[in-house]
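Asker: Structure below; questions to follow.
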Amino acid sequence: MARIAVTVDGTAREADVEPRTLLVHWLRDDLGLVGTPVGCDTSNCGSCTVMIDGRSAKSCSLLAVQADGTQITTIQGAANGEWHPVQVAFKDCHALQCGYCTPGMVVAAIDLLSENPDPSEAEIREGLRGNLCRCTGYHNIVKAVQQASELMKEAAK
């Protein structure tokens, strides 16, 4: 077992973990944060995307021990008690169907907008390229990120 200390969704956590435990499994199985789904276990789909120290990362491709000393934000912590503007825009723009990819898409979009608050459609598509959706065709997802960009600019005024 290896001892790790991380901050997850604003809460300091210490735990003994099996060194081969994937971060996504530790978040879900040990911490009960099931908002981060296990998709492909190969880092292809992006549904397990979380923020680590402010940058999006696929939690199925990282070991929990690699997260030692970091700050992790899951989809459940993205809102801080209220819906994040990206979550609001996904709802308003009907940017989800089955919802399986949605947590990863939202977290990736938050990261994208933190780096580029006014992305073009091409930049949005590029920024979300590591996240797959099998239901929506991406059109409404792109619209949602554009709307979230506007919401975030208005909130910053």
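Readers should treat all values here as calculations from the given coordinates under stated rules, not as data from a laboratory. Please read these numbers as outputs of a predicted model, since none were measured by experiment. Methodologically, a virtual Cβ is constructed for each residue, glycine included, from the backbone with ideal geometry; neighbour enumeration extends over all protein chains shown.
Asker: Starting from the coordinates of the alpha-carbon atoms of segment 85-156, obtain the Kirkwood hydrodynamic radius over all distinct pairs and give the value in Å to one decimal.
Answerer: 11.7 Å
Asker: At 222 nm, what helix-only mean residue ellipticity would the chain give, in deg cm²/dmol to the nearest 500, using -39500 (n - 2.57) for each DSSP H run of four or more?
Answerer: Counting only the DSSP helices, I get -9000 deg cm²/dmol.
Asker: With a/c under 1.5 counting as rounded, go ahead and sort segment 2-73 into rounded, prolate or oblate using the C-alpha gyration tensor (a ≥ b ≥ c being the square roots of the eigenvalues; past the cut-off, prolate if a/b is larger than b/c, else oblate).
Answerer: Prolate, since a/c reaches 1.5 and a/b exceeds b/c.
Asker: Residue separation times 0.36 nm, minus the C-alpha to C-alpha distance between residue 71 and residue 139: what's the value?
Answerer: This chain segment gains 21.3 nm when fully extended.
Asker: Label 7 Å along Cα→Cβ of residue 123; segment 80-95 residues with amide nitrogen under 18 Å?
Answerer: 86
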